[in-house]
Every structure is written in structure tokens, then in C-alpha cells.
Amino acid sequence: MRHRSSVPVLLGLALLLAAGSAAPAAAQTWRTVSKARQHRGQDFLEVKIEYGVGRFTLQRGADDVLYRMYSKYDEEIFRLRSNYLESAGEGSLRIDLDSEDEVNFRDLDDYDVEAGALELELSGEIPVALSMEIGAAEARLDLGGLRLRELSLKTGASDTKIYFSEPNREQADFCTFKAGAAALKVEGLGNSGCRRVHLSGGVGAMELDFSGAWDYDAVADINVGLGEIQIDVPSDLGVRIERSTFLMAFDAPGFEKQDGGVWVTRNWDSAEHHLTISISGVLGGIEVARR
């Protein structure tokens, strides 16, 4: 039996449910899975997650537990695959939720897509490369206190909130956030430790909060097709904005306009640390606030 990625199929499911089909309600057969592995001196952990429908949470767990996972899913519709491999002290964790090609989603009226869940905890004692692809799900991800070296997030029609509640315990050279037709909110980016941040969106709203423990300089590239962008930056951080937009309103009180579509904070020359933001987009609006 062939399987395919959950994300495009489950986005179609979300659209069908929103359309209000008159088909009979679908039965749901729930299965729960719990797994955990001790931290026994591993040097590095790579985590790849593909999750389509339900509620997804991620946070730091106990330092002596490499990872702890709990999942609840409808085994009549979905197949959960979770595998851990290890070689030469480096671990690799894969978590995927797949649906079968033969499923007729038109028969799934009143299907409770929010009842499914994936909960994941990661140790804060091991360097981590984290890659996530989220479909039509509600995601709440607190990455504070982890040792993130790499971060990649791709969302579909999801409601995603990311928090860096504590400083990253590693240096992350590059962090990528890609949102489709979705709402994306990222808080505490100053705690992320990301020297280069890339954020892109198709249609939707972005809220980007760069507060946190700034002890480094960073560059952020922001691109949005159609949507609203809210950017909050700390008042003591030197910020430079390079704007290349079309039909996008722009409001940045407290910034001084320079030649070539550049705005800078008045403390740019005197600030200890700096953030350079490049913004491009077509339609919508941009608001920048200093807190």
C-alpha cells in the first residue's frame, strides 16, 4: 500500500471540512503511543517531524531524557511512524503522520481534527538540529533552553506560535521559518541565538518579536506575498531596516529615514549589538515598534 506526505492531503481535508459537507459523521478510532529514551552521552540529536492534523506541542524536558513523545491519532485514517537510530554517538529521531491514498475525505463530515495530538519533549543537554513540517494543525512550540544548532520550520494552513522563553544554549547560524496560508507568531527571537534568520510567508499574518538576551549581531530576511507584518524590537538594540516593497504600508516610529529605502534607529552607531532587517513584499502592511 502506497503512502504519501500528510501535508497536502490534510490541507485538502481542512478545506473539505470548512465547506460543510452534508455527509454522515465519520467514526474515529483513537490510538495512543508513548515513547522515551534516556540521554546516555549522545553527542548530537537530529529531529525531523512531519505532522498534519491535530495539536502539536514541543518543549524542553528533563535533561537526562533524550526525548519523550506522546501521540494520539485516529488509526482508521492515519499511520504514525516514529523511529530512532543512533550511530557513533549521534541520534536521529523521525516522527511522521501519514494518511492512506484510498481514504475518501468527503465522508468525514463532523470529523474532530483537533482531537489528535503530538507532544514532544527534548533534552536541553544535547545539541539539536530541528526540522518541522506542519500542515493544518495548531502548534505551540517553546524552544527555550534547548541547545539548538539548526532550526527549520515549514507550515501550511496552521496556527503556529513559537516561543524562545529562555536563551538558546548553543549558537544557531541559520534559522528558517516558512508559512503558507497561515498565522505565524514568533516571540523572543533575541533568545534564539540565530545569527541569520529567514522568514517567509504566502498569505497570512506574521508577528515577530525580537526581544531577548542580545549578546550578538544578527541579520533577518523577511519576505511576504500578501499579508500583515508586525515587528517588535528592543529599544536598546541598534536596528537597520532595508525595505523593498510594492503597495505595502510602512510605519516605523522612532526610525530615521535614509537614502535608498533604509531606516535606522537613532542609536545605530552607539548600540552594542545590531540587527539588520531586509523586508520585501507585494501587498499588505508593515508595522515596526520599539519596546
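For residue 121, are the conditions met, namely being open to solvent by 50 Å² or more (accessible area, probe 1.4 Å), assigned to a strand (DSSP E or B) and in contact with an Asp or Glu (Cβ under 9 Å, 6 or more places away or on another chain)?
It is false that residue 121 is open to solvent by 50 Å² or more (accessible area, probe 1.4 Å), assigned to a strand (DSSP E or B) and in contact with an Asp or Glu (Cβ under 9 Å, 6 or more places away or on another chain).
Here's the yes/no breakdown for (1) farther than 26 Å from residue 168 by Cβ; (2) in contact (Cβ under 8 Å) with a residue 24 or more places away in the chain:
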site: 52; (1), (2): yes, yes
site: 59; (1), (2): no, yes
site: 79; (1), (2): yes, yes
site: 83; (1), (2): yes, no
site: 90; (1), (2): no, yes
site: 97; (1), (2): yes, yes
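Just one of 282, 233 is open to solvent by 70 Å² or more (accessible area, probe 1.4 Å) and in contact (Cβ under 8 Å) with a residue 40 or more places away in the chain; which is it?
282
Which of the residues spanning the stretch 267-279 are open to solvent by 70 Å² or more (accessible area, probe 1.4 Å) and modelled with pLDDT under 95? Steps first, answer last, please.
We begin by selecting, within the stretch 267-279, every residue open to solvent by 70 Å² or more (accessible area, probe 1.4 Å); these are 269-270, 272.
Those that are open to solvent by 70 Å² or more (accessible area, probe 1.4 Å) and modelled with pLDDT under 95: none in the stretch 267-279.
Got a sec? Which of 165, 211 is buried (at least 16 other Cβ atoms within 10 Å of the Cβ) and not in a strand (DSSP E or B)?
211
Which members of the stretch 130-145 meet the condition of being assigned to a strand (DSSP E or B), open to solvent by less than 10 Å² (accessible area, probe 1.4 Å) and of a type in the set (A, V, I, L, M, F, W, C)?
Within the stretch 130-145, 130, 132, 134, 137, 139, 141 meet the criteria.
Can you go through 179, 157, 183 and tell me which one is surrounded by fewer than 19 Cβ atoms within 10 Å (Cβ to Cβ), touching a strand residue (DSSP E or B) at 6+ places or on another chain (Cβ under 7 Å) and either outside any strand (DSSP E or B) or at pLDDT below 95 (or both)?
Going through 179, 157, 183 in turn, the sole match is 183.
Would you mention how many residues in the stretch 36-58 are assigned to a loop (DSSP other than H, G, I, E, B), more than 22 Å from residue 151 (Cβ to Cβ) and open to solvent by 60 Å² or more (accessible area, probe 1.4 Å)?
Result for the stretch 36-58: 1.
Is at least one residue of the stretch 192-206 in a strand (DSSP E or B), farther than 25 Å from residue 148 by Cβ, touching an Asp or Glu at 6+ places or on another chain (Cβ under 9 Å) and modelled with pLDDT of 95 or more?
Within the stretch 192-206 (the criterion being in a strand (DSSP E or B), farther than 25 Å from residue 148 by Cβ, touching an Asp or Glu at 6+ places or on another chain (Cβ under 9 Å) and modelled with pLDDT of 95 or more), the answer is no, since none of the residues qualifies.
When you go through 219, 239, 224 one by one, which is the residue that is touching a residue at least 24 places away in the same chain (Cβ under 8 Å), in contact with a Gly (Cβ under 6 Å, 6 or more places away or on another chain), assigned to a strand (DSSP E or B) and among the β-branched types (Val, Ile, Thr)?
The match here is 224.
List, please: which pairs have Cβ atoms under 6 Å, are six or more places apart or on different chains, and start with a residue in the stretch 154-182 that is among the acidic types (Asp, Glu) and end with one that is open to solvent by 50 Å² or more (accessible area, probe 1.4 Å)?
Going by the 6 Å Cβ cut-off, the qualifying pairs are 159/138; 170/147; 170/149; 173/195.
Which one of the conditions (1) on the phi > 0 side of the Ramachandran plot; (2) aliphatic (A, V, I, L, M); (3) touching a helix residue (DSSP H, G or I) at 6+ places or on another chain (Cβ under 9 Å) does residue 275 fail to meet, given that it meets all the rest?
In the conditions (1) on the phi > 0 side of the Ramachandran plot; (2) aliphatic (A, V, I, L, M); (3) touching a helix residue (DSSP H, G or I) at 6+ places or on another chain (Cβ under 9 Å), residue 275 misses (1) alone.
Taking the stated definitions as given, is residue 43 at pLDDT 90 or above, on the phi < 0 side of the Ramachandran plot and of a type in the set (Asp, Glu)?
yes
What are the residues in the stretch 67-102 that are under 11 Å from residue 116 (Cβ atoms), outside any strand (DSSP E or B) and open to solvent by less than 30 Å² (accessible area, probe 1.4 Å), if any?
Listed by number, the list holds a single entry, 77.
The values are calculated or read from the model by the stated rules, or taken from the named source; none is laboratory data. All values reported here derive from a predicted model rather than from experimental measurement. Cβ: placed from backbone, ideal geometry, glycine included. Neighbour counts: every protein chain shown. Side chains included, ligands, DNA and RNA excluded: accessible areas come from the protein's heavy atoms. Shrake-Rupley method; radii C 1.70, N 1.55, O 1.52, S 1.80 Å.
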